[in-house]
Amino acid sequence: MHSPAYTPHRAARSVFVPLRGHRYHCHVWGDASLVTAERPPLVMVHGWMDVGASFQFVVDALQQDRLVIAPDWRGYGRTEGPATDSYWFPDYLGDLDALLDSPELGLGPNTVVDLAGHSMGGNVVMSFAAVRFARIRRLINLEGFGLPETRAHHAPRRLAQWLDALKTPQRLKTYDSLAAVAERLRSNNPRLPEDKAAWLAPHWSRLAEDGQWHIQGDPAHKRTNPMLYRKDEILEGWKLIQAPTLWIEGANTDVARFWGDSYPRADFEARIALVPQLSKVTLADCGHMLHHDQPQALAAAIEGFLA
């Protein structure tokens, strides 16, 4: 890397929270003195193979100071993963439910928050808001499209895939330097500037005893989940969301890259139309990693909606 690392404008502090038998790590910007009824805590949850630190650039671009909390999901970043060979989607919901009650973060059972989630995190917050509607003032989904619909006849094959995967060790590539990690980030997303990649690299990886930089994500996340994605069950929840909801996507996101022809755009549009109080924003010159590609535009869209 030839450019110096990005310099944050708002410093985050690390807070570790005992939560459901885990030691959860959270990035926290601001403090409880910034909380008002009109500006509650903003909780931002990341996607698959990402970390809470990824929201730094968006937090820096916010015009107003506020309390922002971004946890590392279990098995990501500095949050300890369970002794498991598989991860289950309901556990993310359980973790988020417990997190919002956490006194270590200045939260409690009656705390109302603004809640945002990216990708996998977007799917989590949609399901959460359907059943914990009293906790959410405003809801933001950053490209949490959901998944292609699965049907009962898919179940035996998925189960066989999972059983086969359990016999196969899962590994993530290691890197000999932070510069190599940063290059990996930019190869995944060429829109990510060099300075931001250099800043993210030590948050996205850790130096291990073998002298290599290891990605801070449990390789078990790569295994196919044997549970089917029950579209009808998910959408019954989306119909119940009471909070005003903002959908944000990048104009250059290629959904076919994720699922090919198995999840047509028309299917998604039919799903999202079921959310009762929905607004939409599309960010120009932006792909799936909105918080990396266009942090200023994303922050403006978020603040406009939250206000």
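Computed quantities for the displayed model
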{"read-out": "Of all residues making up region 164-175, the number that are over 11 Å from SER205 (Cβ atoms) and either in contact (Cβ under 8 Å) with a residue 12 or more places away in the chain or in a loop (DSSP other than H, G, I, E, B) (or both)", "value": "7"}
{"read-out": "Residue, farthest from HIS154 (Cα to Cα), within region 244-303, restricted to residues that are surrounded by fewer than 18 Cβ atoms within 10 Å (Cβ to Cβ), in contact with a His (Cβ under 9 Å, 6 or more places away or on another chain) and not hydrophobic (A, V, I, L, M, F, W, C)", "value": "ASN252"}
{"read-out": "Residue count, region 293-307 (criterion: in contact with a strand residue (DSSP E or B) (Cβ under 8 Å, 6 or more places away or on another chain) and assigned to a helix (DSSP H, G or I))", "value": "7"}
{"read-out": "SER187 vs. criteria in contact with a strand residue (DSSP E or B) (Cβ under 8 Å, 6 or more places away or on another chain) and either more than 22 Å from ALA12 (Cα to Cα) or surrounded by 11 or more Cβ atoms within 10 Å (Cβ to Cβ) (or both)", "value": "no"}
{"read-out": "Count of region 76-88 residues which are at pLDDT 95 or above and of a type outside the set (Ser, Thr, Tyr)", "value": "2"}
{"read-out": "Some residue of region 55-65 being buried (at least 21 other Cβ atoms within 10 Å of the Cβ) and in a loop (DSSP other than H, G, I, E, B)", "value": "yes"}
{"read-out": "Region 104-131 residues that are under 19 Å from VAL15 (Cα atoms), paired with ones that are among the small types (Gly, Ala, Ser) (beta carbon under 7 Å, 6 or more apart)", "value": "GLY106/ALA32; LEU115/ALA129"}
{"read-out": "Of residues in region 198-226 being aliphatic (A, V, I, L, M) and within 21 Å of MET120 (Cβ to Cβ), the one surrounded by the most Cβ atoms within 10 Å (Cβ to Cβ)", "value": "LEU200"}
{"read-out": "SER14 vs. criteria assigned to a strand (DSSP E or B) and more than 30 Å from GLN161 (Cβ to Cβ)", "value": "yes"}
{"read-out": "Region 1-34, residues that are of a type in the set (A, V, I, L, M) and either touching a Phe, Trp or Tyr at 6+ places or on another chain (Cβ under 7 Å) or within 20 Å of PRO295 (Cα to Cα) (or both)", "value": "ALA5, ALA11, ALA12, VAL17, VAL28"}
{"read-out": "Identity of the residue in region 276-292, part of a strand (DSSP E or B) and either of a type in the set (Lys, Arg) or touching a Gly at 6+ places or on another chain (Cβ under 6 Å) (or both), that ends up nearest to GLN56 (Cα to Cα)", "value": "LEU283"}
{"read-out": "Single unsatisfied condition, THR282 versus (1) without any contact (Cβ under 8 Å) to a residue 24 or more places away in the chain; (2) within 17 Å of HIS118 (Cα to Cα)", "value": "(1)"}
{"read-out": "Qualifying residue in region 6-17 (condition: at pLDDT below 95 and in contact with a Gly (Cβ under 8 Å, 6 or more places away or on another chain))", "value": "no"}
{"read-out": "In region 210-256, the residues that are free of Cβ contacts under 8 Å to residues at least 60 places away in the same chain and among the hydrophobic types (A, V, I, L, M, F, W, C)", "value": "TRP213, LEU235, ALA251, ALA256"}
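Rundown of residues vs (1) within 26 Å of HIS292 (Cα to Cα); (2) of a type in the set (Lys, Arg), yes/no style:
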{"residue": "LYS196", "(1), (2)": "yes, yes"}
{"residue": "LEU200", "(1), (2)": "yes, no"}
{"residue": "GLU209", "(1), (2)": "no, no"}
{"residue": "ASP218", "(1), (2)": "yes, no"}
{"residue": "PRO226", "(1), (2)": "no, no"}
{"residue": "ARG230", "(1), (2)": "no, yes"}
{"residue": "GLU236", "(1), (2)": "no, no"}
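The values are calculated or read from the model by the stated rules, or taken from the named source; none is laboratory data. Since the structure is predicted, the reported quantities are computational estimates derived from the model, not experimental observations. Cβ coordinates were reconstructed from backbone atoms using ideal geometry, including for glycine residues, and neighbour counts include every protein chain displayed.
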